[in-house]
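The values are calculated or read from the model by the stated rules, or taken from the named source; none is laboratory data. Values in this document were obtained by computation on a predicted structure and should not be read as measured data. Backbone-built Cβ (ideal geometry, glycine too); neighbour counts: all protein chains shown. Each accessible area value is taken on the protein alone, full model and side chains, heavy atoms only, with ligands, DNA and RNA left out. Shrake-Rupley method; radii C 1.70, N 1.55, O 1.52, S 1.80 Å.
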Amino acid sequence: FSPKAKTSAINPDKLPDILAEGAVKLESNIAALGQKEETGRKSATSISKDWEDLQARIAALNASMAVNGLSLAEARETLEHLNRDEKDLTARLNGIAKEKEVLRQKSQEYSDALAAVEEQVAELVKSRHPAYSLNGLQDAYRKYRQLAQEYLKRANAYHEHLGVNIENLEAAKTLVGNRLVFSMIIICLRSMPSSVLLSACSSKKSSHTAPA
């Protein structure tokens, strides 16, 4: 049964075959979702490890700066690394966000389709339509409904899982972004001629000195 099909236009006598076809597609989609779940688990492990590595690198950078400061060359090297990190995080974020949105749309389509099937079958039962007790409609409906519910349950769980991955990547990107700004400030200060820097500091000091 196609998620976008209009069940109100389906001949009740043809409904069993249509539901059977829909059940086959659902089984295929559930299997594909299972593969995505496995990939998602590996991705979550990778994201977690990358997050720990990033925090360790930032902590080491902060410790080094506290003891020895940061030279212009070191600041530029740090900036290059952080730029690569930010580009990688952005690409991963965009990929997962797109997958999450596609899954949301597909789940909504199947949810709407299931609701439409349930409504039509309820009408057949209410009107005591003979098609409900013939041609295996009850068995086809029961199987389709069970598979649709299983797909929606697993899809919703995976959708939440993707959301957690996105939150972790966004946190990592924020951390990288903050360090990028700091590194650029260091580079600007290290690149600035000492005479200009002293003049800027003197001007800053004067602006905070109360008039006599």
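Pull up the stretch 154-206, narrow it to residues that are hydroxyl-bearing (Ser, Thr, Tyr) and open to solvent by less than 40 Å² (accessible area, probe 1.4 Å), then point me to the one that is modelled with the lowest pLDDT. This residue is 183. One residue stands out among those in the stretch 12-26 that are part of a helix (DSSP H, G or I) and open to solvent by 80 Å² or more (accessible area, probe 1.4 Å): the one that is nearest to residue 160 (Cα to Cα), which is 25.
Out of (1) at pLDDT 85 or above; (2) touching a Ser or Thr at 6+ places or on another chain (Cβ under 8 Å); (3) within 17 Å of residue 171 (Cα to Cα), the odd one out for residue 22 is which? So residue 22 meets the others, but not (3).
I'm trying to understand the selection: among the residues of the stretch 121-135, which are open to solvent by 40 Å² or more (accessible area, probe 1.4 Å) and either touching a helix residue (DSSP H, G or I) at 6+ places or on another chain (Cβ under 6 Å) or of a type in the set (A, V, I, L, M, F, W, C) (or both)? Even if it seems obvious, please write down each step before you answer.
Of all residues in the stretch 121-135, those open to solvent by 40 Å² or more (accessible area, probe 1.4 Å) come to 122-123, 125-130, 132-135.
Those that are open to solvent by 40 Å² or more (accessible area, probe 1.4 Å) and either touching a helix residue (DSSP H, G or I) at 6+ places or on another chain (Cβ under 6 Å) or of a type in the set (A, V, I, L, M, F, W, C) (or both): 122, 125, 132, 134, 135.
Counting only residues that are within 14 Å of residue 168 (Cβ to Cβ) and open to solvent by less than 50 Å² (accessible area, probe 1.4 Å), the stretch 47-63 holds 2 of them. Considering the conditions (1) under 33 Å from the mean Cα position of the chain (by Cα); (2) of a type outside the set (Asp, Glu); (3) closer than 25 Å to residue 13 by Cβ, residue 108 is excluded by exactly one of them, (3). Of everything in the stretch 120-142 that is among the charged types (D, E, K, R) and assigned to a helix (DSSP H, G or I), the residue that is nearest to residue 11 (Cα to Cα) is 123.
Of the residues 41, 145, 92, the single one that is of a type outside the set (S, T, N, Q) and either outside any helix (DSSP H, G or I) or within 30 Å of residue 13 (Cβ to Cβ) (or both) is 145. Looking only at the stretch 71-120, how many residues end up being free of Cβ contacts under 8 Å to residues at least 24 places away in the same chain and open to solvent by less than 60 Å² (accessible area, probe 1.4 Å)? Looking only at that region, the number is 2.
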